[in-house]
Amino acid sequence: MAEVAPLTAAWVAERLPPRPERSHKGTFGRLLVVAGSMEYAGAALLAGLGAVRSGAGLVCLATPESVARQLLGVVPELTAMLLAEEAPGLIGPGGWRRVATEARGYDAAVVGPGLGRQPSTQRRVRGFLADLKRPAIVDADALNALASEDGWWRALSTPVVLTPHPGEFARLLRQPALAALAEDDGARAEAAAAAAMRWRQVVVLKGARTVVATPDGELLRSGVATPALATAGSGDVLAGAIGAFLAAGCSALDAAACGVAVHGAAGLLAERRIGRAGVIARDLAALLPEAIEQLRGGRP
């Protein structure tokens with residue numbers, strides 16, 4: 001296994017997307033977020049918030065019609081693509097055809113937060129990812145959709161960043177959940193490295209001291225471990241942040257590592273200002289701009 005390098009503020013500062021004075025929203029990328037269901041409408045919203053607060057120029061939530069109607073206007077800066085349903089909160093075949101067509105007009109996509117685990121959804125998520133021609137973050141229920149099919153990585157047609165927590169990671173590997181993946185930093189790095197090389201995609205293995213691994217054997221480890229990040233929706237915010245950097249033109253590795261670093265820095269800011277308990281995902285999203293400027297200056 002390659003040596004694990006620390007994910008430092010200096011490394012991130014060199015790779016964050018520039019913010020030139022002469023720019024417009026298109027300069028910073030168009031991101032499509034395919035997310036949400038009746039039970040998890042907030043997942044779509046939080047991924048969108050993570051993206052806009054990380055600097056994406058335009059973010060569109062592609063979500064079931066009934067979910068979109070709940071969310072419209074909650075964050076007016078987010079646009080919406082109302083997808084036809086086959087049941088309340090469940091994207092139907094026509095909705096998936098539309099989003100597959102519309103995805104061509106975006107620079108990157110986030111796929112998965114809160115989509116649900118219905119067999120029809122899982123099948124259509126796999127088909128969407130197989131046909132997608134834009135770089136993407138594959139998170140949450142999209143990871144579960146992939147895990148339900150043998151050899152799932154062979155069907156991917158585009159560079160993706162896979163963002164599993166240890167339980168999702170075990171499902172992708174078709175293995176029982178391994179306690180070592182949550183507790184042993186060395187085992188986490190080794191497992192992430194092997195998976196990234198096998199799947200030929202960038203892997204973000206989430207948890208305390210998150211690991212980022214590439215197909216070429218490069219390994220980076222965040223130094224952040226704070227309970228402020230252990231809250232519902234935190235992973236959705238992270239997916240949005242990585243998506244923003246991917247849409248801005250970063251490579252899959254740079255987008256993943258910058259997203260992890262910025263999300264971690266926001267968590268530390270939240271811990272200092274709010275506490276180790278009681279932080280909610282919206283707090284993390286609100287602190288992302290400050291975290292980015294902190295890291296842009298090379299400050300951890």
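Computed from the coordinates I sent, semi-axes √(5λ) of the Cα gyration tensor in Å equals one of [x] 43, 21, 15; [y] 26, 23, 18; [z] 39, 22, 18. Tell me the label. Comparing each candidate, only [y] matches the computed number. Amide H to amide H distances under 5 Å link Val224 with Arg209, Thr210, where only residues 5 or more positions off or on other chains count and H is placed in the peptide plane.
Relative to one another, the C-alpha centroids of the range 252-287 and the range 69-104 are positioned 27 Å apart. Using only side-chain charges placed at the Cβ, +1 for Lys and Arg and -1 for Asp and Glu, the dipole size of the range 31-164 relative to its Cα centre rounds to 260 debye. Ranked by solvent-accessible area (1.4 Å probe, protein heavy atoms only, all chains present), the residues Tyr106, Tyr40 order from largest to smallest as Tyr40, Tyr106. Apply the a/c threshold of 1.5 to the C-alpha gyration tensor of the range 181-233 and tell me whether it is rounded, prolate or oblate. Because a/c hits 1.5 or more and a/b exceeds b/c, the range 181-233 counts as prolate.
For Val110, the residues 5 or more places off, or on other chains, whose built amide H falls under 5 Å of its own are Leu32, Val33, Val34, Ile137.
Compute log10 of I(q)/I(0) for the range 217-300 with the Debye formula, placing one identical point scatterer on every Cα and leaving out solvent, at q = 0.15 Å⁻¹, to two decimals. Each listed q maps to, in turn, -0.49. Annotation: Cα Rg of the range 51-178 relative to the compact-globule expectation 2.2 N^0.38 Å equals 1.05. Taking every full run of DSSP H in the chain, the ones that stretch at least 15 Å from end to end by Cα along their long axis and average 0.0 or higher on the Kyte-Doolittle scale are 41-52, 234-247, 252-273, 281-296. Sort the range 1-64 into rounded, prolate or oblate with this rule: let a ≥ b ≥ c be the square roots of the eigenvalues of the Cα gyration tensor; rounded if a/c is under 1.5, and if a/c is not under 1.5, prolate when a/b is larger than b/c, oblate otherwise. Oblate shape, in that a/c is at least 1.5 and b/c is the bigger or equal ratio.
The values are calculated or read from the model by the stated rules, or taken from the named source; none is laboratory data. Keep in mind it's a predicted model, so treat the numbers as computed, not measured. Here the Cβ is made from the backbone with ideal geometry for all residues, glycine too, and neighbour counts use every protein chain on show. Please note that ligands, DNA and RNA were not included when accessible areas were found on the heavy atoms of the full protein model with its side chains. Shrake-Rupley method; radii C 1.70, N 1.55, O 1.52, S 1.80 Å.
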